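Colleague: Have a look at the structure that comes next, please.
The values are calculated or read from the model by the stated rules, or taken from the named source; none is laboratory data. None of these values were measured; they are calculated from a predicted model. Neighbour counts are summed over all protein chains in view; Cβ atoms, including those assigned to glycine, are modelled from backbone coordinates with ideal geometry. Ligands, DNA and RNA are stripped out before the accessible areas are found, and what is left, the full protein with its side chains, is counted by its heavy atoms. Shrake-Rupley method; radii C 1.70, N 1.55, O 1.52, S 1.80 Å.
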Amino acid sequence: MKAIRIRTMRRTSLTALAVIAAAALLASCGKNEPAEPAEAAAGTGGKEIVEFKYPDNPGFDLVYLADELGYFDGTSTRPKYVGKIAAPQIIPLVGTGDIDFGSRMVPLVISAIASGADIKVVSAGGKTLEDAPHMKYFTRADSGIKTAKDLEGKTIGINSFGACAEFVSKKYFKEQGVDVSKIKFLVVPDDKQEQTLEQGGIDLAIIHAPFSGRAGKNEKFTQLWSDYDLDGGLGGMAPYSANGEFARKHPEAVRDFVATIAKTANWVNDHPEEAKAIIAKRLNMNVEYIDRFAYVEDLVVTEPPIQYYIDILEENGKIDKGKVKVKDVYTNEFNPNASGSA
């Protein structure tokens, strides 16, 4: 394993995060506090440094990896961590500008845009592979659950409503002839799903990487599927979105952000074990329990994963038909790896 220069991550906690998050969710869309640029730092070529507000959450994330690897050095931007933010709050807080970037699934971004939020996808994210799925489905080995039809009358754990765990699963269940109205969906954070399943609080756990790796080694569990089995991975791309006002005020910072995480994504694809080691240390977990991540090459956004979720949201009556177009959701203009980038 190559030696990796590990840097101490700068962490800034908001002492009243819960209050701020609650207020932000009620605020009108588009609110954004101006970023506070620091003085030009050494190694930046005289560039003014713009700090971007970002969650300090447990998980496998390119921002944390880029920061550890020193890839933000020499760019015009740096992360300013604002403490842990619950997954369902991330996209609303990007929309209000209380954080500047966030990584959550496409349907949440589409729904936010349909509601008038000032937000747009600026880079692709994870790439679902057969040996590196976005999420895995586990039951207790003694549950008797073997097929999707067996889930009627059961309780399923998902990390949030409105995202992949809900929509990819419901789409597949309906295709298997399941009456989805007979299933109870319960929000359980990914890092709590294994324990909740083992204690009988849920009958099926839908767990995202990296936490799915530990559940996969639990002898009390049986893995039924992964999202690759359900839709070939089409719904597994978790992109990075930016607040619109921040992007308009600081286009160079956004460009440097996208270029940096794209560089990091390609590094992860080439060095999966080294990346797992960094995340294991961050999460204080045994590296053997960390499931690997794979990323879209150069993080260039493509349209099929976005259209996939527009269709699902329209079919489920979550957005009006034709209200949101694919081009409304994303831009590659900040990605230097994309043709026609700014």
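Colleague: For the ranges 181-191, 270-280, 101-111, 164-174, what's the packing order if you count other beta-carbon atoms within 10 Å of each residue, average per peptide, and put the highest first?
Modeller: 101-111, 164-174, 270-280, 181-191
Colleague: Heads up, I need the accessible area for THR128: 1.4 angstrom probe, whole protein in place, Å², nearest 10.
Modeller: The value for THR128 is about 10 Å².
Colleague: Next up: Separation between the SER339 and LYS327 pseudo-spin-labels, each 7 Å from Cα along Cα→Cβ, expressed in nm?
Modeller: Result: 1.7 nm between the two label points.
Colleague: Under 5 Å between amide hydrogens, which residues at least 5 positions from THR77 or on another chain qualify, with H placed 1.01 Å from N in the peptide plane?
Modeller: Those qualifying (amide H under 5 Å, at least 5 residues apart or on another chain) are VAL50.
Colleague: Another question about this same structure. Can you compute the helix-only [θ] at 222 nm over the chain? Use -39500 (n - 2.57) per DSSP H run of at least 4 residues, normalise by all residues, nearest 500 deg cm²/dmol.
Modeller: -10000 deg cm²/dmol
Colleague: Using only the Cα atoms of the stretch 199-342, build the gyration tensor, take square roots of its eigenvalues as a ≥ b ≥ c, and label the shape rounded, prolate or oblate: rounded if a/c is under 1.5, else prolate if a/b is larger than b/c, else oblate.
Modeller: Oblate shape, in that a/c is at least 1.5 and b/c is the bigger or equal ratio.
Colleague: First measure r as the distance between the Cβ atoms of LYS318 and LYS249, then evaluate 1/(1 + (r/R0)^6) with R0 = 25 Å and state the FRET efficiency to the nearest 0.05.
Modeller: 0.20
Colleague: Simple spin-label model, 7 Å along Cα-to-Cβ: ASP311 to GLN195 in nm?
Modeller: Reported label-point gap for ASP311 and GLN195 is 4.0 nm.
Colleague: With each label point set 7 Å from Cα along the Cα-Cβ vector, what nm distance links LYS281 and GLU175?
Modeller: With each label point 7 Å from Cα toward Cβ, the separation is 4.1 nm.
Colleague: Still on this structure, please answer the following. Work out, step by step, the length gained on full extension between ASP142 and GLU273: first 0.36 nm times the residue separation, then minus their alpha carbon distance; give nm to one decimal.
Modeller: Length gained between ASP142 and GLU273: 43.9 nm.
Colleague: Between the helical axis of 17-26 and the dominant principal axis of the chain, each derived from Cα atoms, what acute angle in degrees is found, rounded to the nearest 10?
Modeller: It is inclined by approximately 80 degrees.
Colleague: Take the solvent-accessible surface of the protein heavy atoms, probe 1.4 Å, and return the percent of it on the chain that carbon and sulfur atoms account for.
Modeller: Solvent-exposed carbon and sulfur of the chain make up 48 percent of the total.
Colleague: I'd like to check one number: the per residue accessible area of the stretch 109-216, probe 1.4 Å, reported in Å² as a whole number.
Modeller: Accessible area per residue, the stretch 109-216: 37 Å².
Colleague: Per-residue HN-Hα couplings for the stretch 193-207, Karplus 6.51 cos²θ - 1.76 cosθ + 1.60 at θ = phi - 60°, whole Hz, x for Gly and Pro?
Modeller: Taking θ as phi minus 60°, the curve returns 5, 4, 5, 5, 5, 5, 7, x, x, 9, 9, 9, 10, 9, 10 Hz for the stretch 193-207.
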